[in-house]
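Read the structure below first, then the notes.
The values are calculated or read from the model by the stated rules, or taken from the named source; none is laboratory data. Model, not experiment: these values are computed from the prediction. Heads up, the Cβs are rebuilt from the backbone with ideal geometry, glycines too, and the neighbour counts pull from every protein chain shown. The accessibility values were calculated without ligands, DNA or RNA, using every heavy atom of the protein model including side chains. Shrake-Rupley method; radii C 1.70, N 1.55, O 1.52, S 1.80 Å.
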Amino acid sequence: MKIFKVLSLSVGLSALVFLTPVSAQSFEELEGVPPKLAAKYIHAVIQANRTFYSKQIVDRLGKKIGLQASENWKEKGVLPLPAQFLILSSKLSKKRNVGMTYRLMSLWPVNPDNGPRNENEKTALEQVAKNPKKYFNWIVHKGDVWYYESIYPDVAVVESCVTCHNAHPKSPKTDFKVGDVMGGVSVSLPLGRLGAKWNEDQTLIPPEIVADYLYSVIESDRTIYAKHVVNRLEKKNVVHTTENWWEEDALPLPAQFLASAGKLMQKNNKDLDIRLISLWPIKKQNGPANEFERRGLETVAMHPVRPYIGQYTVGKHKYFRAVFPDFATSESCVNCHNAHPGSPKKDFQLDEVMGGISVSFPLEEK
């Protein structure tokens, strides 16, 4: 493995992508997303989903009803730890073979497999531990393919993360506190076979590929939540799932998990918009907001094998948007819509397209 160079310590996605370097004259005309910005979008989704799961599922239900999270969650009627949730999601996303990968790692891993795999990762983890508001990125040549790689700080946001590591007999570090950097989240993007030299300013990732990457994270997180949290714990009669999850100290529906995490993400990433929409929404605000979304929903309902895509301009800024099919991933989704008095459609079935996931982002840093 040949390391090209460490690019920067910065403040702060589908099969192999073959990208075309462009001249300075044509750079502004080419539609695409810089790798650094694409990785930023991906991490924003990972972080929002992880934070919502940690705070509103693990921490809230632990305090309200005594529902615990444990590394032995498979053998017990408890929740997976936040770190395990991310690891499960990253493995599922990798199986989708979109090209982009992400994973959780640490300088002090309980499981040695989650440690740094090379000197660059080790250096990056050391740097984000010292600078928790920054991320570390570099370009690496593996075989004959270039990759853009970055590591973002993984901060302990709930007590269960700290308690598990501090009490674990295999933990190399046992004095973590909430707010500490416990490791990092890496994002790796294939850039293609670009020859011996690589220029950051001359390489862009097609926006539809970036959207595929974001969708892979979203669907992986939602699938893990539906399968390993909602379906498993409901079958064990541990906790129920309901639309009124906050008031009833229960689990939110998978659709609510996605929608709530999307709102959390937008607080820190106002230009990145991810929403759940439908032709048959229970709430009117979740219907199509414009003609593009209406056509997108109609198209993915009939042809759910690919997203409906397009671009638009606001002022001087170009945006890419896509509508992906939203499938009924659990019985709770189907039962809620079919029984809800405000639902316009009451004959949904498991694995059917119930609506769409709208993804929108600018093609350049604003």
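Applying the condition of being in a helix (DSSP H, G or I) and of a type in the set (Ser, Thr, Tyr) to the range 111-164 and asking which residue is nearest to Gln47 (Cα to Cα) yields Ser160.
Which pairs have Cβ atoms under 6 Å, sit 6 or more apart or on different chains, and link a residue in the range 75-100 that is among the β-branched types (Val, Ile, Thr) to one that is open to solvent by 30 Å² or more (accessible area, probe 1.4 Å)? Note: pairs meeting the criteria are Val78/Gln68; Val98/Asp212.
Suppose we filter the range 315-366 for residues that are of a type outside the set (A, V, I, L, M), farther than 17 Å from Tyr41 by Cβ and part of a strand (DSSP E or B); how many remain? Can you show your working first?
So the first thing to find is which residues in the range 315-366 are of a type outside the set (A, V, I, L, M), and the list is 315-321, 324-327, 329-333, 335-338, 340-349, 351-352, 355-356, 358, 360-362, 364-366.
If we keep only those that are farther than 17 Å from Tyr41 by Cβ too, we end up with 315-316, 325-327, 329-333, 335-338, 340-349, 351-352, 355-356.
Add one more test, that the residue is part of a strand (DSSP E or B), and what stays is 325-327, 355-356.
Number of matching residues: 5.
How many residues, within the range 62-78, are of a type in the set (Lys, Arg) and assigned to a loop (DSSP other than H, G, I, E, B)? Result for the range 62-78: 2.
Considering only residues in the range 200-246 that are more than 18 Å from Leu61 (Cβ to Cβ), open to solvent by 10 Å² or more (accessible area, probe 1.4 Å) and among the polar types (S, T, N, Q), the one that is nearest to the chain's Cα centre (by Cα) turns out to be Thr223. Of the numbered conditions (1) surrounded by 17 or more Cβ atoms within 10 Å (Cβ to Cβ); (2) modelled with pLDDT of 95 or more; (3) part of a helix (DSSP H, G or I); (4) of a type outside the set (Phe, Trp, Tyr), Gln256 fails exactly one; give the number of that condition. Going through (1) surrounded by 17 or more Cβ atoms within 10 Å (Cβ to Cβ); (2) modelled with pLDDT of 95 or more; (3) part of a helix (DSSP H, G or I); (4) of a type outside the set (Phe, Trp, Tyr) one by one, Gln256 breaks only (2). Within the range 276-292, is there a residue that is at pLDDT below 95, assigned to a strand (DSSP E or B) and among the basic types (Lys, Arg)? No: zero hits.
Please work out which residue is surrounded by the fewest Cβ atoms within 10 Å (Cβ to Cβ), limiting yourself to the range 266-276 and to residues that are of a type in the set (A, V, I, L, M, F, W, C) and closer than 16 Å to Phe361 by Cβ.
Taking the range 266-276 as the starting set, the residues that turn out to be of a type in the set (A, V, I, L, M, F, W, C) are 272, 274, 276.
Okay, now just the ones that are also closer than 16 Å to Phe361 by Cβ, so 272, 274.
Details: Leu272: 20, Ile274: 26.
Only one residue fits best here, namely Leu272.
Applying the condition of being within 13 Å of Pro281 (Cα to Cα) and among the polar types (S, T, N, Q) to the range 334-366 and asking which residue is most open to solvent (accessible area, probe 1.4 Å) yields Asn338.
Of all residues in the range 216-233, those being among the acidic types (Asp, Glu) and at pLDDT below 95 number 1.
Glu331 versus (1) open to solvent by less than 70 Å² (accessible area, probe 1.4 Å); (2) under 24 Å from the mean Cα position of the chain (by Cα); (3) within 15 Å of Glu243 (Cβ to Cβ): which is the lone unmet condition? Glu331 satisfies all of (1) open to solvent by less than 70 Å² (accessible area, probe 1.4 Å); (2) under 24 Å from the mean Cα position of the chain (by Cα); (3) within 15 Å of Glu243 (Cβ to Cβ) except (1).
Keeping to the range 299-321, report how many residues are of a type in the set (Lys, Arg) and buried (at least 17 other Cβ atoms within 10 Å of the Cβ).
As a first pass, look at the range 299-321 and keep what is of a type in the set (Lys, Arg): 306, 316, 318, 321.
Imposing the further condition that a residue be buried (at least 17 other Cβ atoms within 10 Å of the Cβ) reduces the set to 321.
Count: 1.
One residue is enough: does the range 289-298 have a residue meeting the conditions under 22 Å from the mean Cα position of the chain (by Cα) and surrounded by fewer than 15 Cβ atoms within 10 Å (Cβ to Cβ)? No, every residue in the range 289-298 fails to be under 22 Å from the mean Cα position of the chain (by Cα) and surrounded by fewer than 15 Cβ atoms within 10 Å (Cβ to Cβ).
If I filter the range 263-277 for residues that are more than 23 Å from His43 (Cα to Cα) and either in contact with a Pro (Cβ under 7 Å, 6 or more places away or on another chain) or aliphatic (A, V, I, L, M) (or both), do I get at least one hit?
Taking the range 263-277 and keeping what is more than 23 Å from His43 (Cα to Cα), we get none.
Scanning the range 263-277 turns up no residue that is more than 23 Å from His43 (Cα to Cα) and either in contact with a Pro (Cβ under 7 Å, 6 or more places away or on another chain) or aliphatic (A, V, I, L, M) (or both).
For beta carbons closer than 8 Å, sequence separation of 6+ or different chains, a first residue in the range 253-265 that is among the polar types (S, T, N, Q) and a second that is modelled with pLDDT of 90 or more, the qualifying pairs are Gln256/Glu243; Gln256/Trp245; Ser260/Phe52; Ser260/Gln56; Ser260/Pro252. When Gly143, Gly115, Gly99, Gly77 are screened for being among the small types (Gly, Ala, Ser) and open to solvent by 40 Å² or more (accessible area, probe 1.4 Å), only Gly143 passes.
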